[in-house]
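Reviewing the structure listed below.
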Amino acid sequence: MTRKVVDGLHLQKDSSLVYPLGVGVGVWDRAGGRHAILHGHTRPVVALAVSRSGKLIVSAQDGDPGCQARVVVWRYEERQECGSHEVHREEVAAVGVSAGEEYVASLGGLSDGFLVLWHIPTTTPICSVQAAEPGMGVASLLCMAPHTPTLILVGGQRILRAWSLNPATNRLTPTSISLGLTERNYTCMRVDEAEEFLFAATTTGDVVKVRLNKPPAPGCHPSPVLVSVMAPRPAPSPGGPRLTRAPTPGLQAMAVLPNGDLLVGDVGGYVRAYRQLQDVTEEGRPACPAPPRAHGTVKYTHPKDPTRPLLQQVWAVEVGAAVTSLSVAGEEVVLGTVSSDIYQLKLFFQHQDFNQSRSNKTRVEFQGQMRNPKEKRGTRERNVSQRKHSNSTHALHKTLKLDSVTPELHLLSTCHSEPINDVTFPRDVDQLVVCGGMGGVRVWNVASLQELLRVELTGIVCYCCCVSPSLHTIITGWSDGRLRGLGAESGRVVWVMDDAHHAGVNTVCVLKSGKLVSGGRDGRVRVWAVDGRRVLMEASQKEHRGEVTHLALAPTETRVLSCSGDGSCILWSLPELERVYRLTAHTVFLGGQVLGSGEVVTVGSDGSVMVWDRHDGVLLADLPASNRPITTVTASKDDATLVTAGEDATIRVVKIICPRQVWNWSKGRVTHEGHGHSGSVAKVDLSSDGKVLASVGEDGGIFFWKMPERR
């Protein structure tokens, strides 16, 4: 799941999850255990919305500078695109689907700023207006009413605005929301089921409540008004500081339950449930008095501050990272975090009858003979107070109330939230992969896509990783210049080699004998012997003027190829580490491979695949594969297939024509392409059986590809 997309995770009624995934839209069928990716974008998805019925999905991408941004509408059941438009310029901030699935609304970003309505039956845009006038603020949020298809709410930095569509003229009319002097930066907006109130979460940790005042008849357009700015109620602290509200971080995600309770997710890594309190009682007194203190009382709000402590916390659950998405379906809640984790909560409700404990009859109290000081002499008044109910006062009003029991948090899925630098299959093991990057080292199960092991070291980045032949140790290279051996089951550090390379270890590989070959940013190539917890250096060479970008072992493990950013590749003999020959070209070599036949394959910044002779290093072929730099290459065991990837985020399979068992390198051609990454691909690796390809990159995604069958 793309962690930067706020409000991008959606829970369907069939328990499936819809979320942005790089340049596609991911659909996870949890019941069937299947994953699907909807392809229709050329750039990363930045906004995602699902219709109320769940039948339509709307996704949007940003365009190239000066180009139009693309908005795509999908049908959920068929997993197919049903329409698209490119009206916005460069950026799309938010999208939404109206009630009845007749309109798709999209809001442009800073460089665009237009609110566009797209008619689904005719697949044409019908209206486009400036969402916010100059000086009003920056519009970045979009909220559709649950039942009224013509009501659209826009929010953002210091702006809350309502738009109404006239279907007869296809024109949008703005309606100002009376907020007084209240200024907030809004992060999320929700409308309750009755379409009576709008709730807007803010960066200051409070919730702005607005009465929509929907027109009772055509032609009437009463303005929405501010009801209150609700803040969490502080806990009693006798003798403590005088708090007017509980200190909370900014809110980023919110959901409104049918009973009026609120679920909010904040940037501090908590999900909280709040119950709304009334601002005043029937007698007109404040329902939220000041928190009790040891001495005296204090006013709980400033005269110019409309904030009131009207949110009573029911429970709070810590998730450990800022919450970016919150979706509710029945009693199930799923939430996404900035660390690309997806959690599940189950809500517990309890039935409560508010009318059994109180009388439903109108209470009439008559004044006695004693006269009120403001009452004129000779008059007698009666005070009538009636309890308010949402339905008839004589009918029993039952509702579901959130239980105070804290729900259990279950992790559904997790992934890397930072760029991944390396991925590798353990020797002769096709069910597991090891990944290393900014988030540390993780071990994944290929079949179930479950994380089996996580090792995090704060302040440093893992550049490379491999697994020992015994499968007991994960060898890793880090940005602090150290080589570390990690237990494959426990994740504990088994051994550490300090100062293995200056400024960082870029690449490492392991031989069947257990020896290690490493390359670093200092341009050195070194051979290490591991004896238990001791690591001894056996050989070291410094012939590269630039950093070593990649090491590739020959299948016979008698030679190793080192690629460098100085435009050279050197083939070394093992274990003495003596140079066999040196390859040079006008490119920055980023990856290489030694084939079983002895030929050397290299890739680099020029976007071509070069094949070199095994005897004297003469260039045999120069195959253009991409117009962008190629960062990684791997080969099948029969040397008939090469897989390349690079900065264009595309996986390419290159087939080598082999007539009469003689390699015809000049006739190599690209037969398959894979699209899914939203950023540069750092590494690809084939499983030992050649059926599964793993790829990782700067977008933090791990992709497993089914290799095409050889014909």
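Bear in mind that the values in this text are calculations on the coordinates, not laboratory data. Fair warning: this is a prediction, and the values are worked out from it, not measured in the lab. Counting neighbours? That spans all protein chains shown, and the Cβs are built from the backbone with ideal geometry, glycine included.
At a glance:
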item	result
Net length gained if the chain between S53 and E183 were fully extended (0.36 nm per residue, minus Cα distance)	43.4 nm
Whole-Å semi-axes of the ellipsoid equivalent to region 415-705 (Cα gyration tensor, √5λ, descending)	27, 23, 17
Size descriptor, Kirkwood hydrodynamic radius, that averages inverse alpha-carbon separations across region 82-191, Å	14.1 Å
GluC sites (Glu not before Pro) lying in DSSP loop within region 554-662, provided at most 12 other Cβ fall within 10 Å	E576
Lys, Arg +1 and Asp, Glu -1 on Cβ, resulting dipole of region 492-602 about Cα centre, debye, nearest 20	180 debye
Under 14 Å from K13, Cα to Cα: aspartates and glutamates that are on another chain or at least 8 residues apart	D29, E77, E331, E332
Normalised contact order of region 536-663, rounded percent, pairs of Cα under 8 Å and 6 or more residues apart	15 percent
FRET E, pair K346, D499, Förster distance 60 Å, beta-carbon r, rounded to 0.05	0.70
Residues Y343, Y186, sorted so that the one with the fewest Cβ neighbours within 10 Å comes first	Y343, Y186
Packing-based exposure ordering (other Cβ within 10 Å, fewest first) of L551, L412	L412, L551
Pairs beyond 24 Å (Cα-Cα), from K346/K401; K637/K706; K512/K683; K214/K346; K655/K691; K515/K655	K214/K346; K515/K655
